[in-house]
1. Would you pick out the residues in region 18-40 that are under 26 Å from the mean Cα position of the chain (by Cα), under 30 Å from Arg73 (Cβ atoms), among the β-branched types (Val, Ile, Thr) and in a loop (DSSP other than H, G, I, E, B)?
2. I'd like to check which strands (runs of 3 or more DSSP E) are fully inside region 221-331 and have at least 3 residues that are surrounded by 19 or more Cβ atoms within 10 Å (Cβ to Cβ).
3. Which of the residues spanning region 6-28 are surrounded by 23 or more Cβ atoms within 10 Å (Cβ to Cβ) and either without any contact (Cβ under 8 Å) to a residue 24 or more places away in the chain or among the β-branched types (Val, Ile, Thr) (or both)?
4. From the residues in region 219-242 that are among the small types (Gly, Ala, Ser) and within 28 Å of the chain's Cα centre (by Cα), which one is modelled with the lowest pLDDT?
5. Looking at the structure I just gave you, is Ala186 crowded, with 18+ Cβ neighbours inside 10 Å, touching a residue at least 24 places away in the same chain (Cβ under 8 Å) and either outside any helix (DSSP H, G or I) or in contact with a strand residue (DSSP E or B) (Cβ under 6 Å, 6 or more places away or on another chain) (or both)?
6. Of Ala162, Ala141, which residue is in the same structural domain as Ala318 (by TED's automatic domain parsing), surrounded by fewer than 24 Cβ atoms within 10 Å (Cβ to Cβ) and among the small types (Gly, Ala, Ser)?
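The values are calculated or read from the model by the stated rules, or taken from the named source; none is laboratory data. These numbers come from a predicted model, not from an experiment. No Cβ is skipped: glycine too gets one built from the backbone with ideal geometry, and neighbour counts run over all protein chains shown.
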Amino acid sequence: MRATVMYGAGDVRVENVPDPSLVEPTDAVVRVTQAAICGSDLWPYKSMEPDPNGRRMGHEFIGVVDAVGSGVRTMKTGNLVLAPFVVSDGTCVFCQEGLQTSCLHGGRYGFDGVDGGQGEAVRVPHADGTLVVLPVDEDDALMPSLLTLSDVMATGHHAALAAQVGPDKAVAVVGDGAVGLCGVIAARRLGAERIIILGRHPDRIALAREFGATDVVSERGDEAVERVRELTDGLGAHSVLECVGLEQSTVTALSIARPGGAVGRVGVPQGESIPNAPVFMENVTIAGGPAPARAYIEELLPDVLEGRIEPGRVFDRATDLDGVPDGYRAMNDREALKVLIEP
C-alpha cells in the first residue's frame with residue numbers, strides 16, 4: 001500500500017510500504033477513506049532531524065474495517081469507524097476514568113510498528129477500546145465534521161472543559177488554527193456569553209465569527225493583553241483556551257486570565273516560560289494536555305449528526321495521497337488552514 005513517510009524537516013514523501021495485517025487477536029485492519037494533516041504534524045515538519053528510516057505520519061482518520069482479530073467484539077468487517085488520535089485498550093484504570101491518552105497499554109499511530117493514518121490502510125491495535133463505529137455511510141456529507149472528532153474538535157472541547165467554560169463567562173481563545181476555531185465552537189456549545197478570538201488571519205477570523213466569536217484581538221504580546229483586558233472591564237477572561245503551544249502564546253494566555261480564572265492548555269508545548277509568580281498570586285488554574293478524544297466522541301457525535309455544530313468547516317483544502325507533501329507545505333506556509341486527505 002501507499003503511505004506518508006517523513007524523513008526530516010520539510011522532507012515528506014508518499015511511498016509504497018508493507019500492507020497492514022492482523023498481529024494480535026484484538027487488532028483490526030482499517031481501509032482509510034478520509035484522513036487529515038494536523039497542526040501538530042507541522043512541528044516535525046519544521047524541526048525533525050534527518051532519519052534514514054523515516055517516520056510514518058498521520059493520526060486522524062476514518063475508514064472501513066477490512067479485517068478483525070478473533071478477540072474483537074464491537075465491530076465487524078464493513079463497519080465505518082472513527083479513530084481517535086491515540087490507541088487505547090478501554091479497560092485500564094485510566095481508560096475507565098476517561099483519560100485514554102494515559103492508557104497503560106496504549107500507543108500512538110506511526111510509532112512502535114503501528115501504521116500512520118495518512119495512508120491507504122492502518123492496523124489498529126486494541127480495536128474495541130479505540131475505534132468508534134459510525135452510524136452513517138462512508139460517502140455521507142458529514143464526513144469532514146465527523147473526522148474532526150478524531151482530534152481537533154475533541155481537543156477544542158478539552159481546552160474548554162479544562163478552562164471551566166460555562167454560561168455567563170467571558171472566554172478568550174489564543175490561536176486561530178483549527179484547534180482554536182474548534183475551541184470557539186466548544187465555548188459557544190458550553191454556553192459562553194462572550195468569546196474573544198486572538199488571531200490575525202482574516203479568513204480564519206471570519207470563520208471564528210461564524211462559529212460564535214463575539215470579539216477579535218489581532219494584537220500580540222503586551223498589546224494583546226491590554227486589549228483583552230479592555231474588553232473584559234479590566235479584569236481578564238474567566239476562561240482562556242491556549243491552542244498554539246509557543247512560549248509567547250502561553251505567556252499571553254496566562255496573562256489574560258482574570259484572578260480565579262482558568263487556562264486550558266492544549267497546544268503542544270514547543271519551549272515555554274511560564275510567569276509562575278503572577279499566576280500563583282492570582283489563583284489562576286492551569287489544566288489541560290492531550291485530549292482524551294475517545295472519551296468525548298459519544299458526547300459530541302450527536303451534535304455533528306444533527307447539524308448543531310459544523311467543525312468540518314475548518315477543512316479548506318482537499319487532496320489525494322499524491323498531494324500530501326504539498327498539503328504539508330501549504331499548511332506550513334499558512335496557505336491552508338487544515339488539509340483533508342481522501343486516499
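1. Correct list: Thr26 only.
2. Values: elements: 237-242, 257-265, 285-288, 317-319.
Because the criterion is at least 3 residues that are surrounded by 19 or more Cβ atoms within 10 Å (Cβ to Cβ), the strands (runs of 3 or more DSSP E) in region 221-331 that meet it are 237-242, 257-265.
3. Pass one, region 6-28, residues surrounded by 23 or more Cβ atoms within 10 Å (Cβ to Cβ): 6, 12, 20, 28.
Within region 6-28, Val12 is the sole residue that qualifies.
4. Quick first cut of region 219-242, residues among the small types (Gly, Ala, Ser) only: 221, 224, 234, 236-237, 239.
After this cut, where a residue has to be within 28 Å of the chain's Cα centre (by Cα) as well, the list is 221, 224, 236-237, 239.
Details: Gly221: 91, Ala224: 96, Gly236: 97, Ala237: 98, Ser239: 98.
Out of the qualifying residues, it is Gly221.
5. Values: crowded, with 18+ Cβ neighbours inside 10 Å: yes; touching a residue at least 24 places away in the same chain (Cβ under 8 Å): yes; either outside any helix (DSSP H, G or I) or in contact with a strand residue (DSSP E or B) (Cβ under 6 Å, 6 or more places away or on another chain) (or both): no.
The answer is no for Ala186.
6. Details: Ala162 fails: in the same structural domain as Ala318 (by TED's automatic domain parsing).
Sole residue among the options that is in the same structural domain as Ala318 (by TED's automatic domain parsing), surrounded by fewer than 24 Cβ atoms within 10 Å (Cβ to Cβ) and among the small types (Gly, Ala, Ser): Ala141.
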